[in-house]
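The values are calculated or read from the model by the stated rules, or taken from the named source; none is laboratory data. The model shown is predicted, which means the values in this text are computed figures rather than measured ones. Cβ placement follows ideal geometry from the backbone for every residue including glycine, while neighbour counts extend to all protein chains displayed.
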Amino acid sequence: MIYFLAAVAAIAGLLFGYDEGVIAVASPSLQHTFPMSPLEDGFTTAAVPLGALVGAILAGKLTQALGRRRVLMMAAALFAVGAVVAAIVGAVWMLMVARLVLGLAIGVAAVVAPLFIAEAAPLSIRGAMVSTYQLAITAGIVLSYLTGLLLGGEDTWRIMFALGAIPGIVFLIGLVFLPESPRWLVLKGRDADATASMHRLRGPGADVTAEVAAIRANVEAEHRTAERAPSILAPWVRPALIIGTVLFFLQQLSGINAVIYYAPTIFQHAGLDGHTTQVMATVGVGIVNFAVTILAMGLIDRLGRRPLLIIGFIGTAVTLLVIAVAVVEQDIFPSWIIVVALLLYIASFAISLGPLPHLMMSEVFPLSVRGAGMSISSCSNWGFNFIVVFLFPLMLATIGLAGAFTLFAIVCIGGILFTMALLPETRGVSLEQIEAHLRAGEPLNALGTRPAIAVAGGTRR
């Protein structure tokens, strides 16, 4: 059941990737129907991250009050409705509204889907299971690019948008057959339902008594503290909040969504001629993103979070600087150098910066504020996503591709320093142990480096 749950929840990521990537390949056809000014074009593209920002703000309270499964069902319905509306619009403003609705669904699902998987998955495979969400995002991007390649032509954008309704409907149907998160059920005092849910997740005959008891002990420990319902800004929670928000800041300012949304434009600036050639190169970006994310899933629970992030930040910084130099010196560097460097940039991102912020935000927050903490982290994600996507055309027109990629590289260098100085290692550490570590007031970056010691209801490090 846990594999089925992860697969269904990850459909939210597939929809995220498809709705994010489809605008890049649908744009030429869309412009034929609705000629848009640069400002209209930029806002139509950036409407998804703007809507997602609103969704992320709403997701925390919704998921704490209604549960993980029910909120995902609401998001699935919005995905289907938004795709249909986007396909039948008769004016640009209607398309903007439809894209905002899709963004709202993405923002909610981006918080709740990784949370749902993390709270349901066994410790030994939690990292890989949560990373199925990021893998699905990359699959959705590839699917959108391939759709653009196969359906390229005038007035085909309606079909491209409408196809997004199909996984939305499948997502909604799949959620009907899933149990609710056992951790949320315990938080609401429904221990019997939590035990039944855990039995479904772990399989027939599994002994879930100790696992449910550890969750109950963790909830009771919260109730015994002076902070009965701890604030997300409480001093002992603040390190987790810093990790969640800064990781997404670094992820977005690495420039990834500028590449995803504007890949054909970037290849045009790099000297590749012809729309079909640019789209084929864009498909290559999506395939590399997908393939390396699969590799990352196998490494996250083996190598750990910190080593992969350091590798990823080094790789993205170096490749971005290579692209910047090659763009300036196009007489010396052929265009294929830029293409190869961009593919290596995508590989560096996909093995670390892509899956790890989503995974770590689902791990580091205490149970009682996990929804709120992930919501704020996701706001960081979508806020900076919107800024990068909206401003990237302006950056191209002012400082150029080389200047933009140099700025992104500087951010990645900062990511190396942040990871080495502050990031904890959560591999092999249960969610309850992470919370106990925070409550003890120990430095978060010491997590995973000290031997476990006994605490009420479990152990901590």
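Filtered by the rule that a residue be outside any loop (DSSP other than H, G, I, E, B) and in contact (Cβ under 8 Å) with a residue 12 or more places away in the chain, segment 188-208 gives 191, 193, 194, 195, 196, 197, 198, 200, 201, 202. Within segment 396-424, being crowded, with 16+ Cβ neighbours inside 10 Å and modelled with pLDDT under 85 holds for 396, 401. Filtered by the rule that a residue be over 21 Å from residue 295 (Cβ atoms) and aliphatic (A, V, I, L, M), segment 122-145 gives a lone residue, 123. Of all residues in segment 27-58, those satisfying the criterion of being more than 27 Å from residue 72 (Cα to Cα) and among the aliphatic types (A, V, I, L, M) are 30, 36, 39. Between 62, 39, the distinction of being surrounded by fewer than 23 Cβ atoms within 10 Å (Cβ to Cβ), among the hydrophobic types (A, V, I, L, M, F, W, C) and without any contact (Cβ under 8 Å) to a residue 12 or more places away in the chain belongs to 39 only. Per this entry, residue 86 is not counted among residues that are over 18 Å from the mean Cα position of the chain (by Cα), part of a helix (DSSP H, G or I) and closer than 22 Å to residue 132 by Cβ. Pairs meeting the criteria (first residue in segment 233-259 and in a helix (DSSP H, G or I), second residue among the hydroxyl-bearing types (Ser, Thr, Tyr), beta carbons under 6 Å, at least 6 apart or on different chains) are 244/377; 245/377; 245/380; 248/377; 248/380; 249/380. Being closer than 21 Å to residue 248 by Cα and touching an Asp or Glu at 6+ places or on another chain (Cβ under 7 Å), is that true of even one residue in segment 308-330? Taking every residue of segment 308-330 in turn, none turns out to be closer than 21 Å to residue 248 by Cα and touching an Asp or Glu at 6+ places or on another chain (Cβ under 7 Å). Just to be sure before I move on: is residue 341 in a helix (DSSP H, G or I), free of Cβ contacts under 8 Å to residues at least 24 places away in the same chain and buried (at least 21 other Cβ atoms within 10 Å of the Cβ) in the structure I sent? Spelling it out, residue 341 is indeed in a helix (DSSP H, G or I), free of Cβ contacts under 8 Å to residues at least 24 places away in the same chain and buried (at least 21 other Cβ atoms within 10 Å of the Cβ).
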